[in-house]
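**Student:** Here it is, the structure in full.
Read-outs throughout are calculated quantities, based only on the coordinates presented, and are distinct from any laboratory measurement. Because the structure is predicted, anything quoted here is derived from the model rather than measured. Ideal geometry is used to build each Cβ from the backbone, glycine not excepted, and the neighbour counts take in all protein chains shown.
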Amino acid sequence: MNKHTSINSNIPLGDILVLDIKGFEGPLELLLSLAQNQKVDLREISILELVEQYLAFIGQATTMKIELAAEYLMMATWLAYLKSKLLLPIEEDGEEVTGEEMELYLAFQLKRLAEMKKCSQELFLRPQLGIDFFPRGQSEIRDKVLNRKLDATLLDLLRSYATINNKKAFTPLKLIRSSILNIDDALKSIVKFFFNKGGWFSLEDIIPRNWRDNSEHVKSAMATTFAASLELVKSGDLKIKQPVQFKSMKIKSNDNKDIE
């Protein structure tokens, strides 16, 4: 008989209890099935060897499921019980249990064991805590209610706000300063403009052309040119007048003095 043959195909080969005792060699489940059908003489089976091999098997099978070990223990127990019924003398006042009754009782217990095994498998197939679902961290029901009262003045709040605001990234203010016509360049431009020229000219005509065409710098150029013109008027090199109030000023070179 093949030692690795098993009636229950759902049990892995590594978890099959194979017996090698006097009168039988093969899986424990097969021995129980043969005993049920009265195809093996249990009086020739050594229960002591069966128990010893069962204990050795359980000791080596460290990864066996507990329900499988319990199933094997149930089988071995029933074999021991059946053999005890065969060997023990019948009491005088007791009724003798026939082999047919023992077979029916054994079949009932095997059916009961199969149902228990089926139920245990169904239990393990259900969603399990910690694998398929998890407990919530904290219950919403609280026994204690904490009431916190803030004791802070307006000054404390302002200080806290200033502390938090100062932690933000500080970006220094950078002013983009436009180009400004300096006074020396304006003086040179006026002297160059009035060289060998006579007559009155407006302030806009004296502004350098590259500054005149730039709308962003024209105001700065006009202010610097006007300041430079006043310096030349002060030195007697230019004459300045404004015929109408709030109108453009007129500038001309002093005919009696050469601009240097």
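**Student:** Of everything in region 208-237, what is surrounded by fewer than 16 Cβ atoms within 10 Å (Cβ to Cβ), of a type in the set (Val, Ile, Thr) and either in contact (Cβ under 8 Å) with a residue 24 or more places away in the chain or touching a His at 6+ places or on another chain (Cβ under 9 Å) (or both)? Give them in sequence order.
**Tutor:** Matches in region 208-237: none.
**Student:** Quick one: residue 241 ticks every box in (1) among the basic types (Lys, Arg); (2) exposed (fewer than 10 other Cβ atoms within 10 Å of the Cβ); (3) out of contact with any Lys or Arg (no Cβ under 9 Å at 6 or more places or on another chain) bar one, so which box is it?
**Tutor:** The one condition residue 241 does not meet is (3).
**Student:** Now a separate question. Please pick out the residue among 205, 156, 184 that is part of a helix (DSSP H, G or I), touching a helix residue (DSSP H, G or I) at 6+ places or on another chain (Cβ under 9 Å) and surrounded by fewer than 12 Cβ atoms within 10 Å (Cβ to Cβ).
**Tutor:** Going through 205, 156, 184 in turn, just one is part of a helix (DSSP H, G or I), touching a helix residue (DSSP H, G or I) at 6+ places or on another chain (Cβ under 9 Å) and surrounded by fewer than 12 Cβ atoms within 10 Å (Cβ to Cβ): 184.
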